[in-house]
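Working notes, structure below.
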Amino acid sequence: MAATASLALAAALLSLAGLSRGSPQDGLPSRDFPPGFMFGAATAAFQIEGAWNLSGKGENIWDRWTHQHPEWVADGSNADVACDSFHRFKEDVQALVDTGVTMFHWDLPQPLQDLGGWTNPVVADYFEDYARILFRHFGDRVKYWITINEPASIIESYANSRLGAPGLDEHGVADYQASHTLLKAHAKAYHLYDKYFRKTQKGRVSITLNSAWHEPRTNSQEDRQAAERARQFYFGYWAHPIYSKIGDYPAVMKERIMRNSLAEGRFRSRLPEFSPQWVKFIRGTADFFAYNHYTTRYAASGTQGEIPSLQRDSGVIRSYDPKWPSSASSWLKVVPWGLRKMLNWIKKEYGNLPLLITENGFSDHGGLHDKDRINYFVSYLQELLKAIYIDKCNVFGYTAWSLVDNFEWARGYTEKFGIYQVNFTDPNRARIPKDSAQALRKIIKHRALVPNLLQGEMPEPRVVLVT
Ligand code: GBH
C-alpha cells in the first residue's frame, strides 16, 4: 500500500514536472526542439576572466567600483582573478557547446567613464570604433553579434550606486541620458556592419534586451494598465525604438516623464528627445530579437520610488507572489509561465522576428547536485516549447546562463549560476560539471526535453514545479 502510494505520488510528480515522455497532462505537443534550433551556455568577460591588470588591459568601471567600494559587494570580493579564464580559456571554450560574442557586457573603460560614461554622446562614437575592430578581427568567425548586453541593467547603476558600476545616484536623470547614448551606440554599430561587413561576413547583429514578465497584481483595470505600463517602461523603453513600426521611446514614457518633469519645475523632459533623423537611424537595427529572461513580477498601479526616478515615472509598484519558489537571488523567483507570456507579448507588440534567448538561469549557493537548477531549466524549456508549438513564437535558440560559477556583480561570489562549479580557493580554479551540466548535455544531445532528467533522485514535494 505504502509502495503503491509512493509510486502514484512519483508518477504524479513526474507528470507535474512534465518529465515523462508523452504525458498527456503536460500539454506539450512535442518534446523535440525544432530542426536547426541552437543551444548554448553563456558567460561574460568581466565575470570570469580576471587578469585585471595584465597584458595591457586598462582599468574599467567595474575594477574601479569593486576596488573603491568592497563594502558594496555582498562578500567584499572583486573580479581581479575571478575564474582566471584569462589563463584557462581553453578549458572553458571546450566546455562551451556553441558560442557567439557579446561586444559589451558592462565593463566600460574607466577613462570613458571619466568623460561621463554613457551620459556623454561621444561614447557612442568610441563604441563604433570598438565595434569596427571586433568586426575586422573576428567577423570571419562570429556570425551572431550582440552589441550591448541588457542596457536596462546598465542604466540602473547610473540611478543607484549600490547596484553596480559606475555607481551613481542620479536617478531619473543620468539613467535616461545614458539610455539615449546606448541606443545610438547600438545603432551606429549595426549600420557600420551593414555598410562595410555584412556583404562579406554574412553575420547577423542584434542587442540583448532583458525584462521580467509583468503580470497584473489583480484583475482590476488599474493593475492591468499598470502591468502594461511596466512592460513599456522596463522593456518597450529599448524595444520600441528598435523594433516598433514608428520607432522612438514608447508614447506612454514620453508623456509621463514630460508631465512629471514640468511638475518638478523643469523646462524640458528628463527623457532626452530623439530627432526624427535619429528615430529613423535607430529603427530596424536588429536582424533578430535577443532576449534575456529569468523571472516574473507583479505590477500594481501606484506611486513609489524616489523623486525623480524611472520607477516613480512609471506609476507602478512591483512585487512578487510569496508562493513563487525562490532562488539564491532575491529578485529571481521561479515562474516558468512568465516566459511564455513574455514571448507572446513580444510577438504581438513587435511582430514575429526570429528570437534568440540569450540568457536564462537559476542561482543557488553552490553544490554539484543542483536539482533545483535542473527543475528550473526543464520547466522553462517546457514553456518555451509551448510558445514554439502552440503559440507559434519564432524562437530559434536558447542559451543557458551560466557556463561557470562566476563573479556575480554586486553579489560577489555568494550567488552561483554556473552549470560548472569553480573552486575559487584553488589556485587552479578547477571546474567540475554539476548535475545540471549533465542534464543540459542530454537535452542538447537528443535535441529534446528527454524524460527522466531527475531519475533516481526524485524531487521531494517541495521542489515540485509550479506551472
Ligand atoms: C543577467 O542580468 C546579467 O546579464 C548577467 O551578467 C548576470 O550574471 C545574470 O543576470 C545573473 O544575475 O537587485 O533587485 O535591483 C539579469 C537581470 C538586472 C537582474 C539587474 C538583477 C538587479 C535586481 N538583472 N537586477 S535588484
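The values are calculated or read from the model by the stated rules, or taken from the named source; none is laboratory data. Worth saying up front: this structure is predicted, and the values here are computed from it rather than measured. Cβ coordinates were reconstructed from backbone atoms using ideal geometry, including for glycine residues, and neighbour counts include every protein chain displayed. For the accessible areas, the whole protein counts, side chains as well, though only heavy atoms, and no ligand, DNA or RNA atoms are used. Shrake-Rupley method; radii C 1.70, N 1.55, O 1.52, S 1.80 Å.
Taking Cα atoms only, the orientation of helix 122-138 departs from the longest principal axis of the chain by about 50 degrees.
When the listed pairs Lys143/Lys442; Lys202/Lys416; Lys333/Lys392 are checked against a 29 Å cut-off, the alpha-carbon distance exceeds it for Lys202/Lys416.
For the peptides 162-169, 398-405, 73-80, 194-201, the ranking by packing is 398-405, 162-169, 73-80, 194-201, with the highest mean count of neighbouring Cβ atoms within 10 Å listed first. Taken as Cα centroids, the range 179-210 and the range 399-436 sit 31 Å apart, rounded to the nearest whole angstrom. Treating the angle as unsigned and between 0 and 90°, give the value, to the nearest 10°, between the Cα long axis of helix 336-350 and the longest Cα principal axis of the chain. With both axes taken from Cα atoms, the answer is about 40 degrees. Any chance you could give the angle, 0 to 90 degrees and rounded to 10, that helix 174-192 forms with the longest Cα principal axis of the chain? Between helix and principal axis, roughly 80 degrees.
For the range 332-467, the share of accessible area belonging to carbon and sulfur comes to 54 percent (1.4 Å probe, ligands and nucleic acids excluded).
Residue order by solvent-accessible surface for Ser275, Ser329 is Ser275, Ser329, largest first, with ligands and nucleic acids left out and a 1.4 Å probe.
Put +1 on the Cβ of each Lys and Arg and -1 on the Cβ of each Asp and Glu in the chain; which of Trp331, Leu353, Pro308 then has its Cα farthest toward the positive end of the dipole? Result: Leu353.
Taking every DSSP beta bridge that has both ends in the chain, the antiparallel portion is near 25%.
In the chain, the DSSP-assigned H stretches of four residues or longer account for a calculated mean residue ellipticity at 222 nm of -11500 deg cm²/dmol, using -39500 (n - 2.57) per stretch and the full residue count as denominator.
Simple point charges give the picture: +1 on the Cβ of Lys and Arg, -1 on the Cβ of Asp and Glu, and for the range 2-453 a dipole about the Cα centre of about 1660 debye.
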